[in-house]
Every structure is written in C-alpha cells, then in structure tokens.
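Enquirer: What follows is a single structure, and I will ask about it in a moment.
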Amino acid sequence: MIENTQLNKQKVQHFVLFWLKPQLTTEEINDFANFFESLKSIKLIKSLHYGLSASTPARSVTDNSFTYSLTITFDSIDDHNVYQEHATHLNAVEKFSKNWYRVVVHDTIINS
C-alpha cells in the first residue's frame, strides 16, 4: 500500500462538471468561459482545459447532460489543496456560482 506522504507527491487531475441554469442566454453561457480563463493565472496549475459538452451519440454509458467541463492538473495533492483556498479561485467561484445549479468534482491521482 502506498503511504499518504507518497500520494501527496503524485500528480492530481481535478475534473469538474458544471450544469448551468437553463434560463441563461447563449451569451451568458459563453461568458461563463471567463470563469476558467480567470483561473489560468494561478501558478500552481500545470495544465487547464475546459469546454462545452459534446453532442456525441447517445449511449447508456455517456452523460453529456452537463454544460461545461474543466480539467486541471496539479503536481501534488498539496498544490490542489492550496488552489482550493487560493483567492483567485475563491473570487471566481463567488462571481460565477450564480450561473450554475449543480457541480460535480472528481479528483484523481494520475498514473504517469
């Protein structure tokens, strides 16, 4: 079994799904991308990618009911934890949280 100290030094993928409120206009939905753009200034982030849900064919294992997804990579759990309390992150959440009604987060240790 891997000890926690070793896990804390492994890369972390922070994957977030956002369901935006249905009453938002197309302009407001597109403007929501500024939430992700504002996070890019946080130095702890090693990579950041986001996008709208793809209109892929319906399958029993596919869930594209969300509006946006965000994937961020960090060098460690410690960096992830600092990011969670970073002023830029907290300010962005405060500014844009009025636009969503649901958020789901999956944090994964990345095997390289």
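Enquirer: If you add up the charges near I109, with Lys and Arg at +1 and Asp and Glu at -1, over every other residue whose beta carbon is less than 12 angstrom from its beta carbon, what do you get?
Expert: My count for the surroundings of I109 gives 0.
Enquirer: Can I ask one more? May I have the extent of the alpha carbons of the chain along their three principal axes, as whole Å values ordered from largest to smallest?
Expert: The principal-axis extents, from largest down, are 46, 37, 19 Å.
Enquirer: Ignoring everything except DSSP H segments at least 4 long, calculate the 222 nm mean residue ellipticity for the chain; use -39,500 (n - 2.57) per segment, divide by total residues, nearest 500.
Expert: The helix-only estimate for the chain comes to -8000 deg cm²/dmol at 222 nm.
Enquirer: Quick one: what do you get for region 67-112 if you divide its Cα Rg by 2.2 N^0.38 Å?
Expert: Here the Cα radius of gyration is 1.30 times the empirical estimate.
Each reported figure results from applying straightforward, stated rules to the coordinates on display, with no laboratory input. Predicted, not measured: the structure shown is a model, and the values here were computed from it. Positions of Cβ are generated from backbone atoms using ideal geometry, with glycine treated the same way; all protein chains shown enter the neighbour counts.
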